[in-house]
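The structure appears right after this line, and notes come after that.
The values are calculated or read from the model by the stated rules, or taken from the named source; none is laboratory data. Here the structure is a predicted model, which is why all the values come from computation and not from measurement. Cβ: placed from backbone, ideal geometry, glycine included. Neighbour counts: every protein chain shown. The area values use the complete protein model at the heavy-atom level, side chains included, leaving out ligands, DNA and RNA. Shrake-Rupley method; radii C 1.70, N 1.55, O 1.52, S 1.80 Å.
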Amino acid sequence: MCAYILVAEDDGMQAELIRRLLVREGHTATVVFDGRAALDEARNRRPDLVILDVMLPGLDGFGVCRVLRRDADIPVLMLTARSAEDDLLLGLDLGADEYMTKPYSPRELLARIRIVLRRTLLRPVEEESPVLRVGGVTVDPVRHEVTCDGAEVGCTPGEFAILNAMAAEPERVFSRRQLLEHTRGHDRASTERAIDMHILNLRKKIEPDPRTPARLLTVFGVGYKLVDGKGPA
């Protein structure tokens, strides 16, 4: 599975290490050293993945991620030397698919890259895959599309994975760990908090009033479930 990956990292040694790891894995990689250059390169040649350092000069990684999410659905893996939960949640709120803190091991970085690419480049293409409908929410696994009350909804790969899993089994209560398996492909208890942010973002997109959810419900102490939104008869 070869991909074109854009690396935005202002530390020259770190950028070269990442580039060599990617080339060794069979990928094509381009390195840029500031946020504006990252946006220019992403617009000129759409990458399969952007590895994005938060502390970039000019326009920081959060700003780059915000623009990428506004303009296109490009997977983003954010890197930061700051481990504060607020930074993690901001990155996920902006639509980052993965978030890693420095220092990290090259093996873990490659594993995270494989997970994101597996989700985005190897999507199911079986024509018989059914379109999933739960009330006014429709999920098309083949076209990778979501609509809500007839309007198209833009979802990050992680949000789509969660909604697709829940739409396939409406009314089922999913724990955070179960949803994490769908979004990341493996259990990482330390990142289950990220699921809450994905749910919050999905509610903004499919709920008439995100403050009082009627479709994507919390089951306290257990997890979340997707319902038709009609309420009791």
Check your understanding: Quick one: accessible area per residue over the chain, 1.4 Å probe, rounded to a whole number of Å²?
Key -> 49
Review point. Mind listing P(r) for segment 1-64? All alpha-carbon pairs, 5 Å bins, whole percents.
Key: 4, 21, 31, 24, 15, 4, 0
Review point. Rg (Å, one decimal) plus Dmax (Å, integer) for the alpha carbons of segment 136-227?
Key: 12.3, 37
Point to revise | Residue-span extension gain [Arg118 to Asp228] - 0.36 nm each, minus C-alpha spacing | key: 36.6 nm
Point to revise | Simple label model, 7 Å out from Cα along Cβ direction - Lys102 to Met55, nm | key: 0.6
Practice item. State the three equivalent ellipsoid semi-axes of the chain, derived from the C-alpha gyration tensor as the square roots of 5 times its eigenvalues, in descending order and whole Å. Key: 32, 18, 17
Review point. Considering only protein heavy atoms, what is the solvent-accessible area of Leu17 at a probe of 1.4 Å, reported in Å² to the nearest 10?
Key: 80
Check your understanding: Considering only the chain, what is the antiparallel percent among its DSSP beta bridges, to the nearest 5?
Key -> 45
Exercise for review: Please work out the FRET efficiency for the pair Arg24 and Arg172, using the Cβ-Cβ distance as r and a Förster radius of 41 Å; give the result to the nearest 0.05.
Suggested key: 0.50
**Study point:** Theoretical gain in end-to-end length, Asp11 to Arg69 [0.36 nm per residue, Cα-Cα removed]
**Key:** 18.5 nm
**Study point:** Cα-centre dipole for the chain with unit charges at Cβ (Lys and Arg positive, Asp and Glu negative), debye to 20
**Key:** 260
